[in-house]
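Worksheet: the structure to be examined is printed underneath.
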Amino acid sequence: MAKTYFKTWSKQIDQKPDLTMSAVEGPYFLTEDEKWLADLSSISYQAAFGHHHEYIANKIVEQTHLFCVANPKAVFELKTRASERLLDYLDLPEAGRLFYTLSGAESVENALKMARQLTQKKIILCRQRSYHGASLGALSITGDWRNPLHFTVDEWTVRIPEPADDPDLSKTREIILKTGVENICGFCLETVTGGNGVIIPDQEWWSGIQALCDEFKLMLIADEVICAFHRLGAPTGTALFNLKPDMVCLAKAITGGMVPFGALWVAERHAKTYDHDLVLSQGLTSYAHPLGLAAMEGVLDLLTDQEFQIHLKAITKIFHDFFLAIAEFPIVKETRVLGLLGAVDLHSPISQESLHEKGLHLIHFPDRLMLAPAYTFTEDQLSEHLADLADLLERVQ
Ligand SMILES: Cc1ncc(COP(=O)(O)O)c(C=O)c1O
């Protein structure tokens, strides 16, 4: 690899061959050795409409002819219209307002700042196993290998057990009482733990979390950076689990990754505090970036199209049938799937090369496969690629 820039999340010189790309076509990309690969993980879950989508790209291009930079404080038609449409689409249980960002980490970071300011409390309860972003605040509540390396501000973080280790939340309740309700701002939780393995809490656990929030007046910050925009089969995961979040963090599929963009939804009962009482001391140079808003409108057009919804149902069935078909294969240890997000844990690792030989590219650990296919695969394409993956898993011991 050229040593003029860093490669993310890795030693700069490692054994793995570099991933290359020289062209894209829908959910496929061409490597420099002339192999077309079907991306079954939507890059890092953001390319929900493929590596290229003509309709979203045209929305961005149309906006470039009008203006592609705007004063962050400016009111303009696209900003007003796209915000109303996003609020309509999210269909959260109460009114809310949006704070725009450029990434998932910034959505989480701004949620933490706002929640601490509003409650005047510092401690955030978060899961042992989670990812919330690479900035220091978001990383401090992340529970994976990336956290300990960076001297994050851990005295403001208290970890709760994983749902499987505390199904009735009695341990979490004890942690709250021991920490002192007066010190706790609230929970920040992924609705489904995404990148760390598609860990899906059950309804009982989520209802228990909501009950603890209600009882102790704790904020519920839902990190939906992976889950929202139909990844779990609904606009948000909070809707699936009947939650009443105080804040919802959004990014990734909000623009299909085609423009770096994100948003934080804040319940109106908190947002209105900034009307007269508090100064909103948060902002970004590229806040509500017009190209991000244009791409987001394109995404909303697609997701609210009736025919596209029928297509999503059809590919979701194909996806779930694949999980049923592979469940008993000897190499398969466990599978987890919800909507169009799934993980396959394997008894023995398989190589990215063997996946590439089959024309497939996946986030791969190597004893876990993460599947989050683009919504734009046709039924035939997705069936064919999943059949190829099943074939590979059936033959590997
Ligand atoms: C659940 C979750 N939250 C936050 C983030 C951070 O998003 P970004 O990489 O856009 O900053 C990620 C990224 O993978 C994520 O999966």
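The values are calculated or read from the model by the stated rules, or taken from the named source; none is laboratory data. Everything numeric in this text was worked out from a predicted model, so none of it was measured. As a convention, Cβ positions derive from the backbone with ideal geometry for all residues, glycine included, and neighbour counts pool all protein chains shown.
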Is it the case, given these coordinates, that PRO201 is within 16 Å of the ligand (Cβ to nearest atom), over 15 Å from the mean Cα position of the chain (by Cα) and not aliphatic (A, V, I, L, M)?
yes
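Could you check segment 92-130 and list, in sequence order, the residues that are under 18 Å from the mean Cα position of the chain (by Cα), outside any strand (DSSP E or B) and more than 16 Å from the ligand (Cβ to nearest atom)? So that I can check it myself, show each step before the final result.
As a first pass, look at segment 92-130 and keep what is under 18 Å from the mean Cα position of the chain (by Cα): 92, 98-112, 126-130.
If we keep only those that are outside any strand (DSSP E or B) too, we end up with 92, 102-112, 128-129.
Passing the criteria: only LEU92.
On the basis of being in contact with a Ser or Thr (Cβ under 9 Å, 6 or more places away or on another chain), modelled with pLDDT of 95 or more and assigned by TED's automatic domain parsing to the domain that holds LEU250, does PRO72 make the cut? Steps first, answer last, please.
On the way: in contact with a Ser or Thr (Cβ under 9 Å, 6 or more places away or on another chain): yes; modelled with pLDDT of 95 or more: yes; assigned by TED's automatic domain parsing to the domain that holds LEU250: yes.
So PRO72 passes the test.
Give me a count of the residues in segment 150-179 that are in a loop (DSSP other than H, G, I, E, B), in contact with a helix residue (DSSP H, G or I) (Cβ under 8 Å, 6 or more places away or on another chain) and modelled with pLDDT under 95.
Just the residues of segment 150-179 that are in a loop (DSSP other than H, G, I, E, B), to begin with: 151-153, 161-162, 166-169.
Checking which are in contact with a helix residue (DSSP H, G or I) (Cβ under 8 Å, 6 or more places away or on another chain) leaves us with 152-153, 161, 166-169.
Then drop every residue that is not modelled with pLDDT under 95, which leaves 152-153.
Selection size over segment 150-179: 2.
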Filter segment 47-87 down to residues that are among the acidic types (Asp, Glu) and closer than 19 Å to GLY257 by Cα, then give me how many there are.
2
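May I ask you to verify whether ARG85 is touching a residue at least 60 places away in the same chain (Cβ under 8 Å), within 16 Å of the ligand (Cβ to nearest atom) and surrounded by fewer than 21 Cβ atoms within 10 Å (Cβ to Cβ)? If you could, list the steps in order and put the result at the bottom.
On the way: touching a residue at least 60 places away in the same chain (Cβ under 8 Å): yes; within 16 Å of the ligand (Cβ to nearest atom): no; surrounded by fewer than 21 Cβ atoms within 10 Å (Cβ to Cβ): yes.
Taking the combined requirement at face value, the residue does not satisfy it.
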Would you confirm, using the coordinates I've provided, whether THR193 is in the same structural domain as GLY143 (by TED's automatic domain parsing), within 11 Å of the ligand (Cβ to nearest atom) and hydroxyl-bearing (Ser, Thr, Tyr)?
yes
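Out of contact with any Leu (no Cβ under 7 Å at 6 or more places or on another chain), in the same structural domain as ASN196 (by TED's automatic domain parsing) and at negative phi: does that describe ALA228?
Taking the combined requirement at face value, the residue does not satisfy it.
Being in a strand (DSSP E or B) and within 16 Å of the ligand (Cβ to nearest atom) is the filter here, so list the residues in segment 204-250 that pass it.
Of segment 204-250, the ones in a strand (DSSP E or B) are 219-223, 247-250.
Hits for segment 204-250 are LEU220, ILE221, ALA222, ASP223, MET247, VAL248, CYS249, LEU250.
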Which of (1) in a loop (DSSP other than H, G, I, E, B); (2) surrounded by fewer than 19 Cβ atoms within 10 Å (Cβ to Cβ); (3) under 20 Å from the mean Cα position of the chain (by Cα) does ARG336 not meet, given it meets every other one?
(1)
Selection status of HIS311, more than 14 Å from the ligand (Cβ to nearest atom) and outside the structural domain of ILE124 (by TED's automatic domain parsing):
yes
